Amino acid sequence: MSDVLCGPYVLTRVLIRGDRSGARPSLHEAHDAGLFLFARTWPRSGGLRDLTGFWNLEARTLLRLGGYPRAEDYFVQLRDLGTTDEHYFVILDAGERYPISILRSDPTRSSSLRNFRQPAGRRFLWQGLRKLATGLGILHGEGTLH
């Protein structure tokens, strides 16, 4: 895929391809002034009648979770949201986090995932699992995930 502009952001690579109806958004790597970000996009020409509702729900959920104490420890941070002629988009700042599929496929980023024989590798795994469980607990407590 060649680079695509989505508002002021450049989408450089599709990580998860969504469907044309908009029921499942696409996830892209995005860049803005050198920052590495993620973009979730929904097509504005999707087949779903209430695609705007999906986008609004995503935005409200991210805004609500962003106000949770220590939210940055458990969730990606909402950086921006908007629309273009082609897309609804949500820009997410994940810090140093990457989807596990990216970590597994990139040997330079996955050394901590493959190093479970060492105590530091196991500690990294258990810390990650604790954050995942806490984040899921927060989502469940907020009524976002059932």
Inset, instruction - List the number of the failed condition for residue 13; all other conditions in (1) under 26 Å from residue 96 (Cβ atoms); (2) modelled with pLDDT under 80 hold. - result: (2)
Inset, instruction - Quick one: which residue in 37, 63 is in contact with a His (Cβ under 8 Å, 6 or more places away or on another chain) and either aromatic (Phe, Trp, Tyr) or at pLDDT 75 or above (or both)? - result: 37
Inset, instruction - Taking only the range 22-34 into account, find how many residues are open to solvent by less than 40 Å² (accessible area, probe 1.4 Å) and at pLDDT below 80. - result: 1
Inset, instruction - Please enumerate the residues belonging to the range 124-143 that are in a helix (DSSP H, G or I) and surrounded by fewer than 12 Cβ atoms within 10 Å (Cβ to Cβ). - result: 126, 127, 129, 130, 132, 133, 140, 141
Inset, instruction - Considering every residue within the range 44-57, establish whether at least one is loosely packed, with under 14 Cβ neighbours inside 10 Å and either charged (D, E, K, R) or touching a residue at least 60 places away in the same chain (Cβ under 8 Å) (or both). - result: yes
Inset, instruction - Could you check how many residues of the range 58-84 are among the aliphatic types (A, V, I, L, M) and surrounded by fewer than 17 Cβ atoms within 10 Å (Cβ to Cβ)? - result: 2
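The values are calculated or read from the model by the stated rules, or taken from the named source; none is laboratory data. Everything quoted here is computed from the prediction, not taken from an experiment. Because the Cβ atoms are built from the backbone with ideal geometry, glycine has one as well, and the counts that use them run over all protein chains shown. Side chains are part of the model used for accessible areas, which takes the heavy atoms of the whole protein and leaves out ligands, DNA and RNA. Shrake-Rupley method; radii C 1.70, N 1.55, O 1.52, S 1.80 Å.
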